[in-house]
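Working notes, beginning with the structure itself.
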Amino acid sequence: MSTYEPRRLRAILVAVCVALMAVIASVSGLNVAQPELAVELDAAQSTILWIINVYTLTLAALLLPLGAIGDRWGRRRMLIAGLAVFGAASAAAALAPTAGMLLAARLASGVGAAMIMPITLAVITSTFPAQERGRAIGVWTGVAGGGGILGMFLSAALVDVATWRWSFVLPLALVVVALVMTVRSVPDSRERHGHRFDGVGAVASVVAVAGLIFALQEGPVRGWAAPEILAALAAGLVAAAGFVAWELRRREASLLDVRLFRERGLAGGSVTLLAVFGVQAGIFVVLFPFLQAVLGWTALLSTVALMPMAVLMMLSSGLAARLAARVGPRATMATGILLAGAGLALMASIVSVSGGYLSVLPGMLAMGAGMGVSMTPATEVITAALPRERQGVASALNDVTREFGTALGVALLGALLSAGYRDAVGARLSGVPDEVAGRAREGVATAIDAAGPYAGKVVLVTRESFVAGWQQAMWAGVAVMAVLFLYVLARGPERPEATGEDRDGREPAHATAS
């Protein structure tokens, strides 16, 4: 088995991170263009939300089976094919004449993204030697964590100076760069399996993830008692239970050996990523309207305001690998969780309408640093828990956990924000006509639009109520991080673990480059 010189390893890392950035940038890129989409395509808000959400839903649902197929078919081949599908779909989305065509293109983009995302991490874990792997995973984690904000910023800038169609230029350019670098630098590695592909497990995983993610995404919009939400939730839960039962029966021949969750590394890393990404997503979904609706900033300026947090998250992700090598993943994860929780508590304590951006900036910085420190060792222990021939599955599991955390955080913390806002605003609207008060209870933007002669009072009341609701959501996030901190202290991995191949005394998988 061959090893690669440092220059080749750097080229491999850059190639997979550029590919990952294309996928991550497309998650949030269209969020800043919702009004323009609705006007140009003559589409309802529900359709616009579907255009945005179908990408993440498809991506999450297909991660596990496509990650496993990549292990068997060849990771380089899968990455090249995924980039081709993703690039073609992004070009089609940029040129889409109707909402239906754009929806179909976004679905195809999700398929391509699911081919790319697990392979990018699997290439790192199967190519880099043990002593270099942690730092490489730290870089990958930084791109995965902060890349969404960077992509949102660049997309907002393109939308601001041109049209929403230009938001697809960024992922297209990244795809071209990644494709060239992959062909030139990324080796092809694939594993021999003594068992047939687990088709039943793959189908069950798709149904489980799609059903649960759909329910979490659409529940707050359609109502949790809506028939389609209850049906999706039931299908997801039944499929998840069936998946676990089937995988236990298949054992070594399974798509994902669920018995490995008994190990501290896999369980602790998964729980950490689930909670950290949940809290991060829940806070992000509130930060943006705080900057726009409460402070009155533009979408571009609001995105710029999030950049310090993203940059610090990316920098701390790179440093976390060195810290974990010295003190172990458990101490590193606990430190990051404690720092992120402190950032949330700081924001909840001092955020105010009058304090503006400076009242949330210190907490944002602490939160960004803490999340970067906690995510890298969590990702590393997840990939270390599965053997060499399952690194595509390990990477996909890491990605699915992130997607579930994001959906949970948006649904739960978003619901807490809404409930807190309604409670706070209802008691402060005395003397305001019922029609105006009713619109004010719907949200800050609608309140300002309908305030009329009562604008002075309504604007102040709704902004203060938004902050009160946000504080309630942030304190809930602090509680989640406190429980996670205690869990990691008690059940986190005790020391750095080698990957499956290293535990067996073998070198990482290096197939011949092609």
statement: With the 8 Å Cα cutoff and a minimum separation of six or more residues, segment 83-137 has a relative contact order in percent of 33
message: What do you get for the angle between helix 455-491 and the principal long axis of the chain? Use alpha-carbon atoms, 0 to 90 degrees, nearest ten.
response: 30
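If R0 is 35 Å, what FRET efficiency do you get for Val14 and Val161 from their C-beta distance, rounded to 0.05? Don't jump to the answer; show the numbers that get you there.
On the way: r = 28 Å, r/R0 = 0.79.
The computed FRET efficiency comes out at 0.80.
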- request: Give the relative contact order (percent, whole number) for segment 1-154; include only Cα pairs under 8 Å separated by 6+ residues.
  value: 39
- line: Computed over the chain, the relative contact order (Cα-Cα under 8 Å, seq sep at least six) in percent reads 22
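Would you tally the net charge around Val186, using a Cβ to Cβ cut-off of less than 11 Å, leaving Val186 out, and scoring K and R as +1, D and E as -1?
Values: positive: Arg8, Arg75, Arg76, Arg77, Arg184; negative: Asp188.
Result for the neighbourhood of Val186: +4.
Taking a ≥ b ≥ c as the square roots of the Cα gyration tensor eigenvalues, with a/c under 1.5 meaning rounded and otherwise prolate when a/b beats b/c, else oblate, which class fits the chain? Mind showing how you got there, number by number?
On the way: a/c = 1.73, a/b = 1.52, b/c = 1.13.
Prolate, since a/c reaches 1.5 and a/b exceeds b/c.
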- request: Just add up the charged neighbours of Ala96: K/R +1, D/E -1, any other residue whose Cβ is under 14 Å from the Cβ of Ala96.
  value: -1
message: Can you tell me the orientation of helix 99-127 relative to the chain, as the angle in degrees between its alpha-carbon axis and the longest Cα principal axis, to the nearest 10?
response: 40
field: Mean residue ellipticity (222 nm) of the chain, computed from DSSP H runs ≥ 4 via -39,500 (n - 2.57), nearest 500
entry: -27500 deg cm²/dmol
Degrees, to the nearest 10: 130-161 long Cα axis against longest axis of the chain: 40
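Label segment 88-243 by shape, choosing from rounded, prolate and oblate, from the square roots a ≥ b ≥ c of the eigenvalues of the Cα gyration tensor; if a/c is under 1.5 it is rounded, and otherwise prolate applies when a/b is larger than b/c, oblate when it is not. Show your work: numbers first, answer last.
Numbers: a/c = 1.84, a/b = 1.07, b/c = 1.72.
Here segment 88-243 falls in the oblate category.
Need the full-extension length gain, Ile350 to Leu248, defined as separation in residues times 0.36 nm minus the C-alpha distance. One decimal, nm. Mind dumping the intermediate values first?
Working: separation 102, 0.36 × 102 = 36.72 nm, distance 4.90 nm.
Computed gain between Ile350 and Leu248 is 31.8 nm.
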field: Calculated from backbone phi, Karplus (6.51, -1.76, 1.60) coupling profile of segment 201-212 in Hz, x at Gly/Pro
entry: x, 5, 5, 4, 5, 4, 5, 4, 5, 4, x, 5
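Subtracting the Cα-Cα distance from 0.36 nm times the residue separation, let me have the gained length for Arg77 to Ala226 in nm, one decimal. Don't skip to the answer; put the middle values down first.
Working: separation 149, 0.36 × 149 = 53.64 nm, distance 4.23 nm.
So the chain would gain 49.4 nm between Arg77 and Ala226.
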- line: Row for segment 139-193, column shape: gyration tensor on C-alpha, a ≥ b ≥ c, rounded if a/c < 1.5 i.e. under 1.5, prolate if a/b over b/c, else oblate; value prolate
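Give the ranking of Arg106, Arg322, Arg463 by solvent-accessible surface, highest area first, calculated with a 1.4 Å probe.
On the way: Arg106 5, Arg322 140, Arg463 65 Å².
Solvent-accessible surface, decreasing: Arg322, Arg463, Arg106.
The values are calculated or read from the model by the stated rules, or taken from the named source; none is laboratory data. Bear in mind the structure is a predicted one, so any value in this text is a computation, not a measurement. Ideal geometry is used to build each Cβ from the backbone, glycine not excepted, and the neighbour counts take in all protein chains shown. What goes into the accessible areas is simple: the full protein's heavy atoms, side chains included, and nothing from ligands, DNA or RNA. Shrake-Rupley method; radii C 1.70, N 1.55, O 1.52, S 1.80 Å.
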